[in-house]
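First up is the structure itself, then whatever we jot down about it.
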Amino acid sequence: MPMLGPLSGQFAALQASPGIPVFPPRASTVAEGVDLLHYFLTVLTLFFTFVIFTIIFYFMIRYRRRSEDEQPPATVTHMPLEIAWTVIPTLICVVVFLWSASLYFRNANPPNAASEVIVIGKQWMWHVQHPEGVREINELHVPLGVPIKLTLTSQDVIHDFFIPAFRVKRDATPGRYSSLWFQATKTGTFHFFCAQYCGEGHAAMIGWVHVMTPDDYAAWLAGTSRGETMTQAGERLFHQYGCVTCHIADGTGRGPSLVGQFGKPQKLRDGQSLIVDETFLRRAITQPNSMPIPNYAPVMPTFQGQLNEEQILQLIAYLKSLGEEERKGKGQ
Amino acid sequence: MSAALAEAPPETRVHYLNADYGIKSWLLTTDHKRIALLYLGSVTLMFFVGGAMAVMMRIHLIDPAGALVHPDTFNKLFTMHGVIMIFFFLIPAIPAVLGNFLVPLMVGAKDLAFPRINLLSWYLYIAGASLAVYAMVSGGVDTGWTFYTPYSTSYAHSQVMATALGAFILGFSSILTGLNFIVTIHKMRAPGLTWFRMPLFLWAIYATSIIQILGTPVVATAILLVGLERLFHVGIFDPAVGGDPILFQHLFWFYSHPAVYIMILPPMGVISEIVTCFSRKKVFGYHFVAFSSMAIAVISFLVWGHHMFVTGMSVYAALIFSVLSFLVAIPSAIKVFNWTATLYQGSISYQAPMLYALGFIGLFTMGGLTGLFLASLATDVHLNGTYFIVAHFHYIMVGGAVMAYMGGIHFWWPKITGRMFPDTWARLAAAIVFIGFNLTFFPQFMLGYLGMPRRYATYPAEFQVLNVMSSAGASILGIGYLIPLVYLFWSIRYGPIAPPNPWRATGLEWQTSSPPPTQNFEIPPVVKEEAYAYGPPGSELEDAHD
Amino acid sequence: MTDAASAHSSQHPPYLAHHFTDIEQQNESGTLGMWLFLLTEIMFFGGLFASYAIYRLRYFEAFREGSHLLNVKFGAINTAVLIGSSLTMALAVRAAQLSRRKAIIAFIILTMVLGIAFIGIKLNYEWSADYHEGLIPWMGFHVESPNAAGVRLFFCFYFFMTGLHALHMVVGLGIMCVLLHMAAKGRFDGGYFAPVEITGLYWHFVDIVWIFLFPLLYLIGGRY
């Protein structure tokens, strides 16, 4: 097994060699950092394994039993050695932890300008919906060089959205939202997989990410037939399901006004304060009276079962857009 | 090697194997040694059942489109393989076979504290295993051994209840065994056997037993709730009615992470015994190895979240679980270094037990270090749910635990059966296992980083070469496990008679005949030396350094 | 050590198991074994308590509403009954220490009566009423409330936890039947009463679990 160094030339050569691939393509901004850490850990693992095996081999030969009655010397504790091989691995672990944690921390939060795409997993396919309204099944078209945030959920069991080339992965859990983000650095077509066992079709729940230049992407977007944008769909649902009758924009309705509420903290009746994010809104729609707020009676009906995941997300997109100009103007 | 003690041949001497005959004397025995053999038969059977499933899976995965079975069947194969290997082989094997046999002997007692509960443990094992086998033959279960909700509670149309019940019952077997060992070690040590004179195998069993009694009940709760949910559809884990599927994962992994230490601590204890004996030197850093076992038991309860890094947990929770997961690796590293240092200036011989033990040290090092990739958050995001995980845990469980189990079976075989096994065949089998194992599982690390997810019945064509390599290795590995089955059985009847202490080892179990009499010792022993008194005469009487 | 062989044959009490060296070792082992078993029970119930706590934090209003639908009067009576049965059990242990055979039998019977009373009150006054009111989640659950889903979850936990507790009580009663049989045969005296003591430990544990269950299930949000 050749020792792998972080030299891109060596890496490219490995990719080009036929037969056994070693690394997936590096197609996102985080891929190189993850690969570097992986290289380091691989070298560490192979090095220590090699060292232990070598020492064992050497001792096996050097100290092999030559006569039945030979008497080895007594074992004597050697404290400095014990301390050394406790402290050094601990230090190595601390270094690796800090390196990894800083990478993870950096990768955890999407940049503000990220364009948001909805991904809903269901047995056994992936529904993708762009904010402009374009829908895809088992495919995800994205522009190069733009941070993309995927909001993930599931309609049934736990799935997991995994794009090896981008080194990203996140569970799609029913009843809640999770998100991952990436910024593609290479055009091309890359696998995505479901990485959480979900039943018979788990291995078939795979698809392709298509990374296109921004121009090509815009052309694709324009050329693909679509219905309403997510925000438009959400607005339609807001009226269709009667939300507008209670949630009047000027605050005079039976329910609170929802304009500009997204992203703000909301105090609950029991005193705790929650941020109005996607998860909050989803809970408000499906289990409205589990979070009673001051000054309003808990009379909102639940829409659990009446709205599917896609529709809930469209409503949320609409709610996000309410008062957005105002928020954008404040430089948020 | 020539017998150190004059010894009447086993046929004329009365010992635990021939003290009584007939099926009742076995099925109603309370003799810990006979119960150990009952377990040996059962776990061996389950091992080969689980192994057969593995063989089928590896054959199936030669072809990207699946060569052997329908995807639904493949899903059932990996589920049952996991359930059987984890619950019905790895968790019981060393504690219930070697632990049952050796703990009373090593403490110098006549039996465990609760012999009838020991027998009950075996019957519970059989009940659980029967349910698992029933589930297998009546349609199978396809949830993965991890039973994640809501798939297992609301969507799976397979034998979830039977399997869950089987695992639940097995949990009680495990709890009672652990309870028995703790009480025995606390209360029944022979005069002079202080804690720090105990063999390290006892420390390992003790630490394991603590995990068993504290962790297993929580998975019992998790399984109970899954069963109730399936029966009553009440919504504990169903988000549509307010339940939380992630709660199951927390309850499940709170046990299942410590469980992996139930599976690896006893093997580590075995390694301590073998390495010291075949180097004729006291284990280097006895206290460090003993305390490392306890440290592993404690820290193991604090790291379960590392199985859930991609569920969407808070960054801060993830950081805490990550740092603790790195920490749990340190005691294991300390052990590896101490075992290696034991060889220094030793008098080393290479019979089969030692080959298995040395193989363990190397493969466990590799398997353990690959755990760092998974404790490390940034790499775990990429590697979770892929074949990297599969390779990691097989390196530890097969390259580690199973090799130690094989080493232990061979090491204590003469004590258990009164016969020696043919060492040449044994060494050959050990070498075949080592080679076959690495060929099977090393390619899987590469598959994992490339992105091949686990639990896939079909896969993209570019992963085929590595899959074929892995399957080829598996065929070699299988042969390596079949060979001992043959010669060990053969040795029971035709192997050379074993003296009480064929390896010239220290330890109370070697001070009695092979096989031991039913009451273990003709005269109850009194301990006057430190553990592993291999040093020059007089060097081990004082507790100067350790 | 030298006396071991002779001591074994001449002074071997009938209640000393062969694998123990002396009665102290046997008693200590039995007691340690029962404490360890109770530890596993704490972890078992603990998993349920932890799950309960998580859902209670999430759905406090619903859990309060569900709790108010429970019958505090009978819950309190049962608490007194169970504490009383722990008292009678402790008195049974005391009687065994003092070698009072009739008292042992009387107190064990009294403990069993109280235990049966507990279960009887639960079945007859609480659970059957719950059934008629449509509070059993899998048997015609019917609660008119905006929090219905959370109330249903509350009752899941109510029935699972009290059901598991009742199961442990039934097992305890079974063990007491065996104890009764042994006591009737005069097997216990000042030198040997470990089984009574160990059963007492188990029964006290069952009592303590109820003492946690009662306020957590019946008294949410202040009921008195």
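Where a number appears in this text, it was derived from the coordinates with a stated rule and is not lab data. Owing to the predicted nature of the structure, the values given are computational and were not obtained by experimental measurement. Ideal geometry is used to build each Cβ from the backbone, glycine not excepted, and the neighbour counts take in all protein chains shown.
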3J(HN,Hα) from dihedral phi, region A:290-302, Karplus parametrisation 6.51/-1.76/1.60, rounded to Hz, x for glycine, proline: 7, 9, x, 10, x, 6, 10, 6, x, 10, 5, x, 8
Principal axis box of the protein assembly as shown, alpha-carbon based, largest edge first, Å: 97, 81, 53
Rounded D (µm²/s) - region B:299-372, Kirkwood Rh over Cα pairs, Stokes-Einstein at 37 °C, 0.692 mPa s: 227
Amide H within-cut-off set for A:Gly323, under 5 Å, with H built and near neighbours excluded: A:Gly260
Taking all pairs of distinct alpha-carbon atoms in region A:115-223, Kirkwood radius in angstrom: 13.7
Kirkwood-based Rg to Rh ratio, region B:382-453, C-alpha trace: 1.17
Under-5 Å amide H pairs with A:Ala74, H placed in peptide plane, nonlocal only: none
For chain A, calculated [θ]222 nm from helices alone, where every DSSP H run of n ≥ 4 adds -39500 (n - 2.57): -12000 deg cm²/dmol
Burial ranking of peptide ranges B:416-428, B:330-342, C:182-194 (average Cβ count within 10 Å, highest at the top): B:330-342, B:416-428, C:182-194
Whole-Hz ³J(HN,Hα) from phi, Karplus 6.51 cos²θ - 1.76 cosθ + 1.60, for region B:501-516, glycine and proline x: 9, x, 8, 6, 8, 8, x, 5, 5, 8, 8, 10, 6, 10, x, x
Exposure proxy ranking, count of Cβ atoms within 10 Å, fewest first, for C:Val113, B:Val289: C:Val113, B:Val289
Longest DSSP-loop-exposure-free segment, GluC sites (Glu not before Pro), chain C, at most 15 other Cβ within 10 Å: C:1-132
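May I ask what percent, to the nearest 5, of DSSP beta bridges between residues of region A:115-223 are antiparallel?
On the way: 26 of 39 bridges.
The answer is about 65 percent antiparallel.
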Share, in percent, of DSSP beta bridges within chain A that are antiparallel, nearest 5: 70
Net charge of neighbours whose Cβ lies under 9 Å from the Cβ of C:His19, counting Lys and Arg as +1 and Asp and Glu as -1: 0
Flagged links, alpha-carbon separation over 20 Å, of B:Lys110/C:Lys185; A:Lys264/A:Lys320; A:Lys122/A:Lys264; B:Lys24/C:Lys185: B:Lys110/C:Lys185; A:Lys122/A:Lys264; B:Lys24/C:Lys185
Residue exposure sequence - A:His210, B:His382 - by fewest surrounding Cβ within 10 Å: A:His210, B:His382
Cα centroid separation - region B:398-469 against region B:273-340, whole Å: 23
DSSP-defined beta bridges in the protein assembly as shown - what % are antiparallel, rounded to 5: 70
Radius, Kirkwood style, for chain C when every pair of distinct Cα atoms is counted (Å): 19.6
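Lys and Arg at +1, Asp and Glu at -1: add these up for the other residues within a Cβ distance under 12 Å of C:Leu201 and post the number.
On the way: positive: none; negative: C:Glu41, C:Glu197, C:Asp207.
The answer is -3.
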Ranked list, fewest to most other Cβ atoms within 10 Å of each Cβ, for B:Ser314, B:Ser25, A:Ser28, C:Ser145: B:Ser314, B:Ser25, C:Ser145, A:Ser28
Local net charge near B:Phe411, Cβ-Cβ under 15 Å (Lys/Arg +1, Asp/Glu -1): +2
Under-5 Å amide H pairs with B:Arg419, H placed in peptide plane, nonlocal only: B:Ala498
Kirkwood Rh and Cα Rg combined as Rg over Rh, evaluated for chain A: 1.13
Residue-wise HN-Hα coupling along region A:249-261, computed from phi with Karplus coefficients 6.51, -1.76, 1.60 (Hz; x: Gly, Pro): 4, 8, x, 8, x, 5, x, x, 5, 9, 5, x, 7
Where only C-alpha atoms are counted, convex hull volume of region A:230-329 per residue in Å³: 95
Cα-based equivalent ellipsoid of chain B: semi-axis lengths in Å, sorted from largest, via gyration tensor: 38, 25, 24
